[in-house]
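J.: Can you keep this structure in mind? I'll have questions shortly.
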Amino acid sequence: MPNQTRPNALSAGLVLGSFLAPSALGMSATPIALPALGQSLSVASGATAWVLAAYTLTLSVSSALAGRLADIRGLRVPIIGGMILLIAGTVMVAAVPWYPAVIAGRLLQGCGAGVAAVLSFGVANRLFPDAQDRGRAVGTMGALVGIVSGGGALLGGALTDLVGWQAALALPGLSAVAAVWVLRMAPAQEPREERLDARGAVLCLALAGALALLLQAPSTHVGWAVVVALGAVVLILAAAAVRHVRRVPEGFVPRLVVGNARFVLAAAAGFTLFAGYLIIQFAAPRLILADHDLSVTQIGLILLPTGLCSAVLSRMAGGLAHRVGALRLVAALAVLSAAGLLLAALAGRSPVVLVVAVAACVSGFSAGQVALMASVPHLVGSSMHGVAVGVFQLVFITGGSLGSAAVGGMAGAMSLSTAVALLAVVPVLGAVAAVVALRLLRQQQESPAGSTGAKASIPAV
């Protein structure tokens, strides 16, 4: 039913954070359950990374699709459709103990979780046009997600020990409960006469999936012929995607959005932060188990303080981005994430050191998401807010999918510590992207003519 009164920023942030947080549990609570899943279903350790990768693959694409659908049909239609898919996937994951069915269920869960991931921010953006109020709401959301994400290992471990790995993998389904209140809060919108670009969405999903398969190739021990064939498929799909964007400039990935250099660089920085987050989430339980005979619940308790660190930093991120600049903050967070990965690689078998390393990566992800998501709408026109947030989420979350696929694949060919150390370069590249974006923004602000696109109002300098 239509809104009667607008909620305040704090209460809206709590409701929307409750809608968003279970999608984060699909990533933070899952890695700790993977060893038990692999043992139960006779799946190799490196191959279990697909449980993470499958979820994040469809989460990334459905985020962009939901953002575009929200622009055309309003917020309520994609929320309802996404929750139906989420519930179906959760039932499949929990009730069918067969690895292909688990992967299929995770794909469906990712579709629904992607809706929650992007439209929680979409509701906040439409409820609070004022940047300060929106920052409070989004900061509250980020703090709640940080707490839940940090406690995900403990919750997933406890559920795995007490009930089974299926219970840990079913946690994203909790978003469907919060969706009842979100639907009441979501502003109504008149539908527009536009069509969705299904071909563009399929191309994006196929490209991300092919990249994940290529990165996972070392763990599956396939021949070089298969690797070369996968590489060729990736190049063909990438070329097809670029051609499609040129031919359909207002399609699934609008040319107006991806042609904005600052937007692309900010999204690239977010890509690396999410990659670092899922790399450490996949690696941390295995690094501890290498030298310590602990239950998954005990591992979760060890990692619990990481949530407190990320919650505090996430709550501060909105204000910090407003004062010191989103891009400056993101560059610093990317360096923090890289340091966390290196620390985990060098001394990650010490529980105390690993807590510091995980806290650095989780804080970089959660606070970086808050800073960037609060700023993205200012890079494009108001009519493109939903799709811009969706495309940003597409790139951001694809980074997590490819990060988990990469560490799982590399761990099949070298030690896990070596793989994590090599992958520390990823967030370093994110810091470079943020710095370049900052320089472009300065040039745009100093130019008398300004920009032909939307004026960037991000306080980045």
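J.: How many residues does the range 63-78 contain that are in contact with a Pro (Cβ under 9 Å, 6 or more places away or on another chain), within 15 Å of GLY251 (Cα to Cα) and either surrounded by 24 or more Cβ atoms within 10 Å (Cβ to Cβ) or free of Cβ contacts under 8 Å to residues at least 24 places away in the same chain (or both)?
T.: Step one: filter the range 63-78 for residues in contact with a Pro (Cβ under 9 Å, 6 or more places away or on another chain), giving 65-70, 72-75, 77.
From what's left, within 15 Å of GLY251 (Cα to Cα): 65-70, 72.
The next check asks that each one be either surrounded by 24 or more Cβ atoms within 10 Å (Cβ to Cβ) or free of Cβ contacts under 8 Å to residues at least 24 places away in the same chain (or both); those that pass are 65-70.
Summing the residues that are in contact with a Pro (Cβ under 9 Å, 6 or more places away or on another chain), within 15 Å of GLY251 (Cα to Cα) and either surrounded by 24 or more Cβ atoms within 10 Å (Cβ to Cβ) or free of Cβ contacts under 8 Å to residues at least 24 places away in the same chain (or both) in the range 63-78 gives 6.
J.: Ok, one more. Just to be sure, is PRO129 in contact (Cβ under 8 Å) with a residue 60 or more places away in the chain and not hydrophobic (A, V, I, L, M, F, W, C)?
T.: Taking the combined requirement at face value, the residue does not satisfy it.
J.: Turning to a different aspect of this structure: For the range 122-140, state whether one or more residues are farther than 22 Å from ALA12 by Cβ, touching a helix residue (DSSP H, G or I) at 6+ places or on another chain (Cβ under 9 Å), at pLDDT 85 or above and among the aliphatic types (A, V, I, L, M). Steps first, please.
T.: Just the residues of the range 122-140 that are farther than 22 Å from ALA12 by Cβ, to begin with: none.
The answer is no; no qualifying residue exists.
J.: Quick one: is VAL296 closer than 28 Å to VAL353 by Cα and either buried (at least 21 other Cβ atoms within 10 Å of the Cβ) or at pLDDT below 75 (or both)? Walk me through it before giving the result.
T.: Details: closer than 28 Å to VAL353 by Cα: yes; either buried (at least 21 other Cβ atoms within 10 Å of the Cβ) or at pLDDT below 75 (or both): yes.
Judged against the criteria, VAL296 is a match.
J.: Read through the list (1) at pLDDT 90 or above; (2) under 21 Å from the mean Cα position of the chain (by Cα), then give the number of the only condition that ALA101 fails.
T.: (2) is the only condition that ALA101 fails.
J.: Name the pairs: first residue in the range 230-250 and under 15 Å from ALA198 (Cα atoms), second residue in a helix (DSSP H, G or I) and of a type outside the set (A, V, I, L, M), Cβ to Cβ under 6 Å, at least 6 apart or on different chains?
T.: The qualifying pairs are HIS244/GLY200; VAL245/ARG255; PRO249/ARG255.
J.: Can you name every one of the helices (runs of 4 or more DSSP H) wholly within the range 71-179 that holds 3 or more residues which are under 20 Å from ALA317 (Cα atoms)?
T.: Correct list: 99-127, 131-162.
J.: Here is a follow-up. Go over the candidates ALA317, ALA275, ALA266 one by one and state the one that is among the aliphatic types (A, V, I, L, M) and over 21 Å from THR56 (Cβ atoms).
T.: Answer to the selection: ALA317.
J.: Taking LEU287 as the residue in question, decide whether it is under 12 Å from VAL426 (Cα atoms) and buried (at least 24 other Cβ atoms within 10 Å of the Cβ). Give the derivation first.
T.: Numbers: under 12 Å from VAL426 (Cα atoms): no; buried (at least 24 other Cβ atoms within 10 Å of the Cβ): yes.
No: the conditions fail for LEU287.
J.: Moving to a separate point now. In the range 41-57, what count of residues is obtained for those that are in a helix (DSSP H, G or I) and more than 17 Å from GLY105 (Cα to Cα)? Break it down stepwise before answering.
T.: To start, the set of residues in the range 41-57 that are in a helix (DSSP H, G or I) comprises 41, 46-57.
Within this subset, residues satisfying the condition of being more than 17 Å from GLY105 (Cα to Cα) are 46.
Total meeting the criteria: 1.
J.: List the pairs whose first member sits in the range 181-193 and is closer than 25 Å to GLY13 by Cα and polar (S, T, N, Q), whose second member is part of a loop (DSSP other than H, G, I, E, B) and modelled with pLDDT of 65 or more, and whose Cβ atoms are under 8 Å apart, counting only residues at least 6 apart or on separate chains?
T.: From the range 181-193, the pairs are GLN189/GLY74; GLN189/LEU75.
J.: Among the residues of the range 388-415 satisfying the criterion of being among the hydrophobic types (A, V, I, L, M, F, W, C), in contact with a helix residue (DSSP H, G or I) (Cβ under 6 Å, 6 or more places away or on another chain) and farther than 21 Å from GLY368 by Cβ, which is surrounded by the fewest Cβ atoms within 10 Å (Cβ to Cβ)?
T.: The qualifying residue surrounded by the fewest Cβ atoms within 10 Å (Cβ to Cβ) is ALA413.
The values are calculated or read from the model by the stated rules, or taken from the named source; none is laboratory data. Given the structure is predicted, the values throughout are model-derived calculations rather than measurements. As a convention, Cβ positions derive from the backbone with ideal geometry for all residues, glycine included, and neighbour counts pool all protein chains shown.
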